[in-house]
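Trainee: Handing you this structure, nothing more for now.
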Amino acid sequence: MTIYFNGQQFKYELEGICKLFFPVVRFEHRFEEPVASEEHDYVLTCRDVQGENTHLSVTVCLDGEKTAREETIAPEISFGSLREYDQECERVLCVMLYRILEERLGVSPRWGILTGVRPVNIIQRERKAGKPDEEIRAGLHDRFLVSDEKLDLAFLTADTQEPMLKELKPDSFSLYIAIPFCVSRCSYCSFVSHAITSRKATDKIDEYVTLLCREIEKTAQVAKDEHLSLDTIYVGGGTPTALSAEQLKRVLDAVAAYFDVPHVREYTVEAGRADTITREKLMVIKEAGATRVSINPQTFEDAVLQKIGRKHTAQDVVDSYELAKECGFTMINMDLIAGLPGDTYEGFCRSLDRAVSLDPANITVHTLSIKRSADLFFETSMRDYVKSDMTGRMTAYAQKTLINAGYFPYYLYRQKNTVGNLENVGYAKKHTESLYNIYIMDEIQTILACGAGGVTKLVGLGTEPISRIFNYKYHFEYIDRFEEILSRKDRIYDICREGREQQSKRQLD
Ligand code: SF4
């Protein structure tokens, strides 16, 4: 699809609207005078200043048939600033484009023209500025075309988060530990994880664990020197339980040796896949002081599990869940994915109902990136899939069923490259919410990350709102260049010092 621009440049925003309806289409942007031909699908957007007013128009050509809309808005001078004027032009063009595509394809993406990743932040920001909820709601609904269903979800999420945001202490941080290994690779996996399939790979893991323990020690020293206090711990991956019980114990023992584990508010280990979970590993996790585990079915449909390359059955997930309860875990999260290849609306509903019947503290519903599933398994045409609104109906079912069952949405972020840019939502029974998930999604707490692929984020400590330090992505680079990883941790001292200097300068001014 080609997008032609005439007199304006809202490249990413207009492309974002097109992607709601055509998630895997490739775009070609043309800024010069358009030579749009009906042989191709295209979008032509124009902004013309005509006398006092601004004339905006959108023409869409699909399958040789053209549809156009136009609107006139007030002149630039009637806006507070050029930025506000541009934003209004952009919004009106996006609304027109959305309306045309909605009419042509017969589907209404539920988040309207809102394409940002964190819609809940808009509500929080506007509440902070003193706007009443009805006004915020009306604005998002009328000006950004957000559906009532998604507005309910976003407002409820903002309400659930509110007390936890207030509890956040300024000098606190979360510790993230990455275990980038899995026993095999799921076909849709987008994480940096390496399948453990050979003796050679197992030896590498031992080396990785040894170095990871050294990075944990170094991180604890830096945190201590900078007077940062540990709030939550999250061990993720990959699948941490892909390690042997002995390797896992070495990592968790290092955390216990260098950090004040008894005083953290939350300690999570992702147990992830049922085919990696044993009583011995669960007891290692429990004895290390972890309070939460995640056991992720993704689906309870055996045929779908097989299709995505999982080497376990739905019953194995139930058995692992019961085992975790027997080992004394009460805070258990289960992840499900809407839109898995081979799944159906009915299959997803059955999976969700089964998860609810097991009564875990948290159920997280993800939507699969359509791009990946399209690359891998697409069996129907993309347009038919978009029209079927299957993933949208799945997430709507999840929202209704989980809220009725006493689960509240507590964190929400939207996924790029999904039909309608659908959302990932963590639902939790009251007082079982994962603080780490809220803080990391909202980027409001410092994260010190250890391990391959880890990204340390210093929030409010440097001269920028967020300063990032990246570890090497892959475990072999991490091993080969480990001394550099350690020296990157020293950057934290520099960033904090620069932040302090800037602050005292501001105070003097
Ligand atoms: S369990 Fe998760 S991290 Fe491991 S391969 Fe599957 S999707 Fe990737």
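The values are calculated or read from the model by the stated rules, or taken from the named source; none is laboratory data. Keep in mind that what you see is a predicted model, and the values were worked out from it rather than measured. A quick note on method: Cβ atoms are made from the backbone with ideal geometry, for glycine too, and the neighbour counts reach across all protein chains shown. We work out accessible area using only protein heavy atoms, side chains counted, and drop any ligands, DNA or RNA first. Shrake-Rupley method; radii C 1.70, N 1.55, O 1.52, S 1.80 Å.
Trainee: Taking the residues in segment 43-62 that are over 17 Å from V95 (Cα atoms) and aliphatic (A, V, I, L, M) as candidates, determine which candidate is surrounded by the fewest Cβ atoms within 10 Å (Cβ to Cβ).
Mentor: This residue is V49.
Trainee: Turning to a different aspect of this structure: What residue, among those in segment 266-279 that are charged (D, E, K, R) and in contact (Cβ under 8 Å) with a residue 60 or more places away in the chain, is nearest to the ligand (Cβ to nearest atom)?
Mentor: R273
Trainee: Related question: Would you confirm whether any residue within segment 34-42 is part of a strand (DSSP E or B), under 34 Å from the mean Cα position of the chain (by Cα) and buried (at least 17 other Cβ atoms within 10 Å of the Cβ)?
Mentor: Checked segment 34-42: at least one residue is part of a strand (DSSP E or B), under 34 Å from the mean Cα position of the chain (by Cα) and buried (at least 17 other Cβ atoms within 10 Å of the Cβ).
Trainee: Please indicate, with yes or no, whether at least one residue in segment 438-445 is within 30 Å of D359 (Cβ to Cβ) and not in a helix (DSSP H, G or I).
Mentor: Looking through segment 438-445, at least one residue is within 30 Å of D359 (Cβ to Cβ) and not in a helix (DSSP H, G or I).
Trainee: Still on this structure: From the list G454, G406, G426, pick out the single residue that is among the small types (G, A, S) and either open to solvent by 10 Å² or more (accessible area, probe 1.4 Å) or farther than 28 Å from L168 by Cβ (or both).
Mentor: G406 is the lone residue from the list that is among the small types (G, A, S) and either open to solvent by 10 Å² or more (accessible area, probe 1.4 Å) or farther than 28 Å from L168 by Cβ (or both).
Trainee: Could you list, ordered by first residue, the pairs with Cβ atoms under 6 Å in which the first is in segment 94-107 and on the phi < 0 side of the Ramachandran plot and the second is modelled with pLDDT under 95 and basic (K, R), at least 6 apart or interchain?
Mentor: Close Cβ pairs (under 6 Å, with a partner that is modelled with pLDDT under 95 and basic (K, R)) amount to V107/K387.
Trainee: Next question. Which of the following residues is away from the ligand (no atom under 16 Å from the Cβ), assigned to a helix (DSSP H, G or I), buried (at least 23 other Cβ atoms within 10 Å of the Cβ) and not hydrophobic (A, V, I, L, M, F, W, C): T157, T202?
Mentor: T157
Trainee: Only one of D86, D148 is acidic (D, E) and at pLDDT 95 or above. Can you tell me which?
Mentor: D148
Trainee: Which condition from (1) buried (at least 18 other Cβ atoms within 10 Å of the Cβ); (2) in contact (Cβ under 8 Å) with a residue 60 or more places away in the chain is the one that I469 breaks?
Mentor: Single failed check for I469: (2).
Trainee: Give the residue that is surrounded by the fewest Cβ atoms within 10 Å (Cβ to Cβ), with candidates limited to residues of segment 166-189 that are away from the ligand (no atom under 16 Å from the Cβ) and modelled with pLDDT of 95 or more.
Mentor: S172
Trainee: Give the number of residues within segment 261-275 that are surrounded by fewer than 21 Cβ atoms within 10 Å (Cβ to Cβ) and within 30 Å of G342 (Cα to Cα).
Mentor: Going through segment 261-275 one residue at a time, the tally reaches 1.
Trainee: If you don't mind, there's one more thing I want to ask. For segment 63-97, which positions are within 13 Å of F10 (Cβ to Cβ) and open to solvent by less than 80 Å² (accessible area, probe 1.4 Å)?
Mentor: Of everything in segment 63-97, those that are within 13 Å of F10 (Cβ to Cβ) and open to solvent by less than 80 Å² (accessible area, probe 1.4 Å) turn out to be Y85, D86, E88, C89, E90, R91, V92, L93, C94, V95, M96, L97.
Trainee: Considering only residues that are among the polar types (S, T, N, Q) and more than 13 Å from the ligand (Cβ to nearest atom), which ones fall in segment 221-248?
Mentor: Selection gives Q221, S229, T232, S244, Q247.
Trainee: Continuing with this model, one more query. Suppose we keep only residues that are open to solvent by 20 Å² or more (accessible area, probe 1.4 Å) and over 29 Å from the mean Cα position of the chain (by Cα) within segment 227-248. Which one would you say is farthest from S487 (Cα to Cα)?
Mentor: Here the answer is E246.
Trainee: Please specify each residue of segment 280-319 satisfying the condition of being open to solvent by 20 Å² or more (accessible area, probe 1.4 Å), within 16 Å of the ligand (Cβ to nearest atom), in contact (Cβ under 8 Å) with a residue 40 or more places away in the chain and part of a helix (DSSP H, G or I).
Mentor: Matches in segment 280-319: K281, K307, D316.
Trainee: Kindly indicate whether D253 is acidic (D, E), open to solvent by 20 Å² or more (accessible area, probe 1.4 Å) and modelled with pLDDT under 95.
Mentor: no
Trainee: For L358, work out the one condition from (1) assigned by TED's automatic domain parsing to the domain that holds S294; (2) under 17 Å from G426 (Cα atoms) it doesn't fulfil.
Mentor: L358 satisfies all of (1) assigned by TED's automatic domain parsing to the domain that holds S294; (2) under 17 Å from G426 (Cα atoms) except (1).
Trainee: I'm trying to understand the selection: among the residues of segment 392-423, which are modelled with pLDDT of 95 or more and in a strand (DSSP E or B)?
Mentor: Of everything in segment 392-423, those that are modelled with pLDDT of 95 or more and in a strand (DSSP E or B) turn out to be F408, P409, Y410, Y411, L412.
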